[in-house]
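The values are calculated or read from the model by the stated rules, or taken from the named source; none is laboratory data. All of these numbers come straight from a predicted model, not from anything done at the bench. Here the Cβ is made from the backbone with ideal geometry for all residues, glycine too, and neighbour counts use every protein chain on show.
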There are 2 protein chains.
Amino acid sequence: MRHETDESLTRICLAVFRLNGALLDAGDELARPLLLTSARWQVLGALALSDTPLTAPRIAQAIGLTRQGVQKQLNALAPLGYLEKLENDDNRRSPLFWLSDAGRRAYQEMDALYRSWAAKLVLGLPVEELADAARTLEELAGRVKSWGASNTPQRGGRES
Amino acid sequence: MRHETDESLTRICLAVFRLNGALLDAGDELARPLLLTSARWQVLGALALSDTPLTAPRIAQAIGLTRQGVQKQLNALAPLGYLEKLENDDNRRSPLFWLSDAGRRAYQEMDALYRSWAAKLVLGLPVEELADAARTLEELAGRVKSWGASNTPQRGGRES
DNA sequence: GCCTACTTGACAACCGGCTGTCAACAATGT
DNA sequence: ACATTGTTGACAGCCGGTTGTCAAGTAGGC
């Protein structure tokens, strides 16, 4: 009887779509006081989690976006004073980006906001339920991503 | 110990982002042979599941998008011959949309493609695992959507 | 019958993704 | 040294969403 699992999968898909939108909205709302958006927060996060300055393409690689998309966010982030642009000896045209003090403060503030938001969100939900859901989603994401729609070779490696 | 549930939530968020992108890509790939995209498929679905013709705003309401966004897809769908535009006696400016024979065939074909894709995707995954994940996601989506980022009244109802 | 308020389609603009292209620079092989 | 290949930033354009605005049609109160 595949029918029930199909229905569950459909429910998961629909919930993922709704949740994705809701999470981005919530992230934007969380980030607004700091002049950030979900996308820019993610870029800050890549730098905050790295132990060395990164170029735009490295950041893109780290968060799974294209270098062009990340470049957009970096260009928007720079005027806010959250970034430090360092000369890159390995490639004069591609500067290294690093968090400025203000950027690091902003990221830490975002992290605190996120943590308290998350804590409120999961009130009353059993740990195992969340951990199980995380595992299932990761499994599904892996399958979908590697399979694509058919068993067709996926259009992976992007432009390079 | 809240820490572990926070981590699980973060994992869920990241998985949701990845899965959302992967599902849309897979949907586009599935729909391509029928000249459709994920977005247009969803619009066809709203009409297929309805028992009466619908106006653009009604479709938007059904699938949770703005009327303008749906209008875009309808405008794109019409030239494909998948839609029938019926005069609306209740509002001369707002035609009712209905699936043409070709549209209904296309939707049924999409449904078949989706079902076989879904069946392959969940091979080996226990039904309960998927059902549990679906429940958890629906719970989370509901919480995030109604809470927003803070306990701030959400900006629901859109433009009207 | 008229005025107001709502609904609707059309249009423009924006956002965050994507792709593609071009030119500059870097790295590598010969 | 030189040619080739790869990386990178800049830019333009597309997609699917959003918002906002405008004008036309509709509905309801008076």
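Which of the residues spanning the range A:60-91 are within 14 Å of another protein chain (Cβ to nearest Cβ) and either of a type outside the set (V, I, T) or near DNA strand C (Cβ under 7 Å from one of its atoms) (or both)?
A:A62, A:G64, A:L65, A:T66, A:G69
Looking at the range A:89-99 only, could you name the residues that are surrounded by 15 or more Cβ atoms within 10 Å (Cβ to Cβ) and not in a strand (DSSP E or B)? Quick ask: steps written out before the conclusion?
Quick first cut of the range A:89-99, residues surrounded by 15 or more Cβ atoms within 10 Å (Cβ to Cβ) only: A:95-99.
Selection gives A:P95 alone.
Of all the residues that make up the range B:5-47, how many are at negative phi and not in a helix (DSSP H, G or I)?
So the first thing to find is which residues in the range B:5-47 are at negative phi, and the list is B:5-34, B:36-47.
From what is left, the residues that are not in a helix (DSSP H, G or I) are B:36-37.
Here the count works out to 2.
Report, by residue number, each residue of the range A:56-71 that is crowded, with 20+ Cβ neighbours inside 10 Å and touching a residue at least 12 places away in the same chain (Cβ under 8 Å).
Within the range A:56-71, A:A56, A:I59, A:V70 qualify.
Given the structure, is A:L44 free of Cβ contacts under 8 Å to residues at least 60 places away in the same chain, among the aliphatic types (A, V, I, L, M) and crowded, with 18+ Cβ neighbours inside 10 Å?
Working: free of Cβ contacts under 8 Å to residues at least 60 places away in the same chain: no; among the aliphatic types (A, V, I, L, M): yes; crowded, with 18+ Cβ neighbours inside 10 Å: yes.
Judged against the criteria, A:L44 is not a match.
Can you list residue pairs whose Cβ atoms sit under 8 Å apart, with the first residue in the range A:91-117 being of a type in the set (G, A, S) and the second being more than 16 Å from DNA strand C (Cβ to nearest atom)? Count only pairs 6 or more apart in sequence or on different chains.
Pairs that qualify, where the first residue is of a type in the set (G, A, S) and the partner is more than 16 Å from DNA strand C (Cβ to nearest atom), are A:S100/A:G81; A:S100/A:E84; A:A102/A:G81; A:G103/A:G81; A:G103/A:E84.
Hey, among the residues in the range B:48-71 that are within 12 Å of DNA strand D (Cβ to nearest atom) and in a loop (DSSP other than H, G, I, E, B), which one's nearest to B:S100 (Cα to Cα)?
The residue in question is B:T55.
Mind listing whichever residues of the range B:49-59 are within 8 Å of DNA strand C (Cβ to nearest atom) and more than 14 Å from B:K85 (Cα to Cα)?
Matches in the range B:49-59: B:P57, B:R58.
Is it the case, given these coordinates, that A:L74 is crowded, with 17+ Cβ neighbours inside 10 Å, out of contact with any Pro (no Cβ under 9 Å at 6 or more places or on another chain) and part of a loop (DSSP other than H, G, I, E, B)?
Values: crowded, with 17+ Cβ neighbours inside 10 Å: yes; out of contact with any Pro (no Cβ under 9 Å at 6 or more places or on another chain): yes; part of a loop (DSSP other than H, G, I, E, B): no.
No, not satisfied.
Restricting attention to the range A:19-38, which residues are within 14 Å of B:C13 (Cβ to Cβ), in contact with an Asp or Glu (Cβ under 9 Å, 6 or more places away or on another chain) and surrounded by 19 or more Cβ atoms within 10 Å (Cβ to Cβ)?
A:L19
Can you tell me which residue among A:R143, A:R135, A:R115, A:R105 is in contact with an Asp or Glu (Cβ under 8 Å, 6 or more places away or on another chain), of a type in the set (K, R) and modelled with pLDDT of 90 or more? So that I can check it myself, show each step before the final result.
On the way: A:R143 fails: in contact with an Asp or Glu (Cβ under 8 Å, 6 or more places away or on another chain); A:R135 fails: in contact with an Asp or Glu (Cβ under 8 Å, 6 or more places away or on another chain); A:R105 fails: in contact with an Asp or Glu (Cβ under 8 Å, 6 or more places away or on another chain).
Residue meeting the stated conditions: A:R115.
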